[in-house]
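Everything on this sheet refers to the single structure shown next.
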């Protein structure tokens with residue numbers, strides 16, 4: 001396949017091909033590094049600027065990359081529970097929950113709709129999303145299948161009638177308290193809008209987290225976390241603030257300590273493990289579990 005860049009104004013190849021081939025930026029960047037030739041030369045990076053009449057060759061016939069991406073992601077999705085009103089799934093690390101401006105394709109919600117696990121009409125109702133996990137975090141998630149069920153879950157989350165348990169591996173100073181409560185308000189950091197910070201201000205929201213250290217090994221600990229509120233980045237912000245930064249956290253982690261490690265940290269070591277709530281139409285609580293990923297155990301054995 002051959003494409004001639006015919007625009008007068010130079011443009012980055014990843015942006016141009018993403019629009020031209022109608023595939024995501026991440027899929028385009030992978031394609032550039034693996035299968036693209038520009039003017040008979042292989043590009044060394046994905047941000048090369050194209051000039052008018054540049055010739056782009058795709059070395060192999062291009063399949064629908066978005067469909068391939070979705071197929072790969074759908075193979076990673078495990079359905080924990082499903083009925084007519086909602087489903088509970090295991091989210092893998094690295095997958096966004098609903099689509100957004102930075103990740104318009106291959107969100108977990110979109111994949112579930114394409115798998116016909118969620119009705120397509122739920123696209124108009126926040127894609128059935130009733131709560132979220134950060135992209136790098138893995139674990140248990142609820143999706144609703146109809147607007148009434150969405151409303152039910154939003155209400156019980158708002159009333160804090162859902163109990164949540166997380167598991168993490170953190171750095172841990174010696175003689176650190178084995179359990180505690182973190183009651184500290186959270187707001188968006190003024191200097192870094194992608195980050196939350198602990199601060200009392202008009203824009204702050206109350207946030208409370210309980211934690212319990214299960215095991216300590218060298219300078220590391222296994223921690224169970226029980227968030228009582230559901231603020232953005234709450235667990236990551238709170239644990240970092242008291243000296244328990246989560247390993248692999250690129251925003252709130254301790255980069256200096258991580259650089260000293262000889263072991264590769266493949267991801268953030270934070271996992272949503274359990275939810276307890278009364279399902280719609282039921283009178284008693286039910287517990288739903290999501291097993292801790294193997295990479296947690298492998299890392300713990302290596303340290």
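Determine which member of the set 253, 243, 248 is assigned to a loop (DSSP other than H, G, I, E, B), on the phi > 0 side of the Ramachandran plot and crowded, with 16+ Cβ neighbours inside 10 Å.
On the way: 253 fails: on the phi > 0 side of the Ramachandran plot; 243 fails: crowded, with 16+ Cβ neighbours inside 10 Å.
Just a single option satisfies the conditions, and that option is 248.
I'm checking my understanding of the structure. Among residues of the stretch 152-173 that are over 18 Å from residue 275 (Cβ atoms) and not in a strand (DSSP E or B), which one is modelled with the highest pLDDT? Give the steps one after another, and end with the answer.
Step one: filter the stretch 152-173 for residues over 18 Å from residue 275 (Cβ atoms), giving 169-173.
Applying the additional criterion that residues be not in a strand (DSSP E or B) yields 172-173.
Numbers: 172: 94, 173: 90.
Filtering the stretch 152-173 for residues that are over 18 Å from residue 275 (Cβ atoms) and not in a strand (DSSP E or B), the one modelled with the highest pLDDT comes out as 172.
Kindly indicate whether any position in the stretch 62-74 is touching a helix residue (DSSP H, G or I) at 6+ places or on another chain (Cβ under 8 Å), at pLDDT below 80 and under 30 Å from residue 281 (Cβ atoms).
For the stretch 62-74, residues touching a helix residue (DSSP H, G or I) at 6+ places or on another chain (Cβ under 8 Å), at pLDDT below 80 and under 30 Å from residue 281 (Cβ atoms): present.
For the stretch 22-54, enumerate the residues that are closer than 18 Å to residue 101 by Cα and either in contact with a strand residue (DSSP E or B) (Cβ under 8 Å, 6 or more places away or on another chain) or part of a helix (DSSP H, G or I) (or both). Step through it out loud before you land on a result.
Filtering the stretch 22-54 for residues closer than 18 Å to residue 101 by Cα gives 22-29.
Listed by number, the residues that qualify are 25, 26, 27, 28, 29.
For the stretch 76-151, which strands (runs of 3 or more DSSP E) that fit wholly inside it have 3 or more residues that are under 13 Å from the mean Cα position of the chain (by Cα), in contact (Cβ under 8 Å) with a residue 40 or more places away in the chain and under 23 Å from residue 165 (Cβ atoms)?
Here the list reads 138-144.
If you go through the stretch 197-209 one residue at a time, do you hit one that is more than 30 Å from residue 151 (Cβ to Cβ), loosely packed, with under 14 Cβ neighbours inside 10 Å and either in contact (Cβ under 8 Å) with a residue 12 or more places away in the chain or outside the structural domain of residue 133 (by TED's automatic domain parsing) (or both)?
As a first pass, look at the stretch 197-209 and keep what is more than 30 Å from residue 151 (Cβ to Cβ): 197-201.
Restricting the remaining residues to those that are loosely packed, with under 14 Cβ neighbours inside 10 Å gives 200-201.
Narrowing further to those that are either in contact (Cβ under 8 Å) with a residue 12 or more places away in the chain or outside the structural domain of residue 133 (by TED's automatic domain parsing) (or both): 200-201.
Within the stretch 197-209 (the criterion being more than 30 Å from residue 151 (Cβ to Cβ), loosely packed, with under 14 Cβ neighbours inside 10 Å and either in contact (Cβ under 8 Å) with a residue 12 or more places away in the chain or outside the structural domain of residue 133 (by TED's automatic domain parsing) (or both)), the answer is yes, since at least one residue qualifies.
Can you confirm whether residue 135 is within 17 Å of residue 77 (Cα to Cα) and at pLDDT below 95?
Details: within 17 Å of residue 77 (Cα to Cα): yes; at pLDDT below 95: yes.
When the stated conditions are applied, residue 135 passes them.
With the structure loaded, tell me whether residue 191 is within 25 Å of residue 127 (Cα to Cα) and under 23 Å from the mean Cα position of the chain (by Cα) or whether it fails that test.
Numbers: within 25 Å of residue 127 (Cα to Cα): no; under 23 Å from the mean Cα position of the chain (by Cα): yes.
Spelling it out, it is not the case that residue 191 is within 25 Å of residue 127 (Cα to Cα) and under 23 Å from the mean Cα position of the chain (by Cα).
The values are calculated or read from the model by the stated rules, or taken from the named source; none is laboratory data. Quick caveat: nothing in here was measured; it's all calculated off a predicted structure. Virtual Cβ from ideal backbone geometry, glycine too; neighbours counted across all protein chains shown.
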